[in-house]
Amino acid sequence: MPDLPPLPPLGPDLVGEFTRTIYGCTPPGGELADVVLQSREDGVLDGTADRLRHRATVRCPLGDLELDTLLHLPTREDAPVVVILNFDGNDQTLTDWPYQKIVEAGYAVLTAQYRQIEPDDPNPPTPGVRGLFPAESWGAVAAWAWGLSRLLDIAGTVDGIDPAGAVVIGHSRLGKAALWAGVQDERFALTVSNDSGCCGAALFRHPGGEDIEAITRKFPHWFVPSFAQYAGKEDELPVDQHQLLASIAPRRVYVCSAEDDAWADPVGEYLAVEAARPAFGPGGIGYHVRPGGHALLEEDWMKALAF
Ligand code: GCU
């Protein structure tokens with residue numbers, strides 16, 4: 001065990017502290033107004049799944065947000081759903097993700113491209129969902145977390161999805177968003193972060209990898225502006241990320257790390273899991289570290305879903 005400065009204790013009501021310090025306030029609301037089926041292919045993936053594309057309209061106080069979703073639905077029986085945002089568009093996931101194995105493990109998967117919810121840009125040419133609510137202070141990570149909850153709303157309108165046992169997964173910056181969604185939305189039975197690193201599952205107080213100075217310089221739009229005041233002052237932060245994981249208890253959490261992903265600090269992720277463990281019942285929190293680098297691989301998917 002490396003020597004760490006004392007970690008802030010586990011305790012009740014840390015969500016407000018994370019809201020104020022890092023992610024910002026996710027406003028209530030954003031109502032699903034419409035979910036329109038765009039296309040349906042039955043019996044894809046060797047007959048194991050149906051592939052449905054929807055266009056959803058989410059009504060927000062200052063306008064509507066449109067989302068294009070891709071759903072793989074097991075043909076055999078009602079299935080719990082995995083919701084996950086993707087980086088490069090819904091079609092790219094057809095090549096990148098092991099859909100057939102996931103479906104054979106009994107899960108439906110619903111995804112949308114993350115920039116449809118909020119651009120990933122400190123000065124976006126067009127605003128995302130944060131522009132559709134009256135002035136609130138929330139960062140892009142919180143906006144993507146909001147989007148993950150809207151994906152779960154959309155899943156709730158589709159026949160063949162069992163609303164119990166919903167899973168939220170995210171990789172890297174979207175792993176940070178998955179954790180914040182899992183904290184805030186109690187409908188998620190399991191929250192999975194993959195290589196989520198700084199402001200995700202990694203402890204700030206474990207030196208190594210990305211720090212607050214680096215993340216707030218390059219990605220100021222991800223967090224509340226005042227978070228940058230902690231650059232170089234990790235020890236003064238009122239929170240640390242084991243508390244974020246613990247805030248999901250008694251619902252379940254699984255953290256995936258990769259040995260060569262030094263920037264995401266796999267050791268800091270492991271230490272956060274261990275420090276959070278007392279908040280969970282037996283089997284409430286799980287962890288793996290696999291060989292290799294920064295990526296969401298089949299091994300990550302299958303170990304998380306087996307958990
Ligand atoms: C950058 C960033 C990380 C982030 C990653 C990603 O490396 O510094 O915090 O997790 O991008 O999203 O791929």
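The values are calculated or read from the model by the stated rules, or taken from the named source; none is laboratory data. Everything numeric in this text was worked out from a predicted model, so none of it was measured. Neighbour counts are summed over all protein chains in view; Cβ atoms, including those assigned to glycine, are modelled from backbone coordinates with ideal geometry.
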Kindly provide the set of residues from the stretch 221-245 that are closer than 18 Å to residue 142 by Cα and part of a helix (DSSP H, G or I), ordered by number. 221, 222, 225, 226, 227, 228, 241, 243, 244, 245
Given (1) without any contact (Cβ under 8 Å) to a residue 24 or more places away in the chain; (2) over 20 Å from the mean Cα position of the chain (by Cα); (3) part of a loop (DSSP other than H, G, I, E, B), number of the condition residue 55 does not satisfy: (3)
Residue list for the stretch 46-58, filter: hydrophobic (A, V, I, L, M, F, W, C) and surrounded by fewer than 19 Cβ atoms within 10 Å (Cβ to Cβ): none
Any residue in the stretch 209-221 that is within 28 Å of residue 292 (Cα to Cα), out of contact with any Lys or Arg (no Cβ under 8 Å at 6 or more places or on another chain) and more than 14 Å from the ligand (Cβ to nearest atom)? no
Looking only at the stretch 78-118, and only at residues there that are charged (D, E, K, R) and part of a loop (DSSP other than H, G, I, E, B), the one that is nearest to the ligand (Cβ to nearest atom): 88
Subset of the stretch 187-224 that is among the charged types (D, E, K, R) and surrounded by fewer than 24 Cβ atoms within 10 Å (Cβ to Cβ) - its residue that is nearest to residue 147 (Cα to Cα): 187
Please find, among 182, 208, 200, the residue that is modelled with pLDDT under 95 and either closer than 26 Å to residue 6 by Cα or in contact with a Ser or Thr (Cβ under 6 Å, 6 or more places away or on another chain) (or both). 208
Aromatic (Phe, Trp, Tyr), within 16 Å of the ligand (Cβ to nearest atom) and surrounded by 17 or more Cβ atoms within 10 Å (Cβ to Cβ): does that describe residue 227? yes
Here are the criteria: (1) under 27 Å from residue 96 (Cα atoms); (2) within 16 Å of the ligand (Cβ to nearest atom); (3) of a type in the set (S, T, N, Q). Tell me which single one residue 241 does not satisfy. (1)
Of everything in the stretch 252-305 that's among the charged types (D, E, K, R), out of contact with any Ser or Thr (no Cβ under 7 Å at 6 or more places or on another chain) and touching a residue at least 40 places away in the same chain (Cβ under 8 Å), which residue is farthest from the ligand (Cβ to nearest atom)? 252
Please count how many residues of the stretch 39-49 are touching a Ser or Thr at 6+ places or on another chain (Cβ under 9 Å), part of a strand (DSSP E or B) and free of Cβ contacts under 8 Å to residues at least 40 places away in the same chain. 2
Of the listed residues (71, 32, 37), the one being loosely packed, with under 12 Cβ neighbours inside 10 Å, out of contact with any Pro (no Cβ under 9 Å at 6 or more places or on another chain) and among the aliphatic types (A, V, I, L, M) is 37
State whether one or more residues within the stretch 137-160 are under 24 Å from residue 55 (Cβ atoms), of a type outside the set (A, V, I, L, M, F, W, C) and within 16 Å of the ligand (Cβ to nearest atom). yes
So in the stretch 161-204, with the set limited to residues that are among the hydrophobic types (A, V, I, L, M, F, W, C), closer than 13 Å to residue 23 by Cβ and under 8 Å from the mean Cα position of the chain (by Cα), which one is farthest from the ligand (Cβ to nearest atom)? 181
Among the residues that make up the stretch 200-220, is at least one of them part of a strand (DSSP E or B) and touching a strand residue (DSSP E or B) at 6+ places or on another chain (Cβ under 7 Å)? no
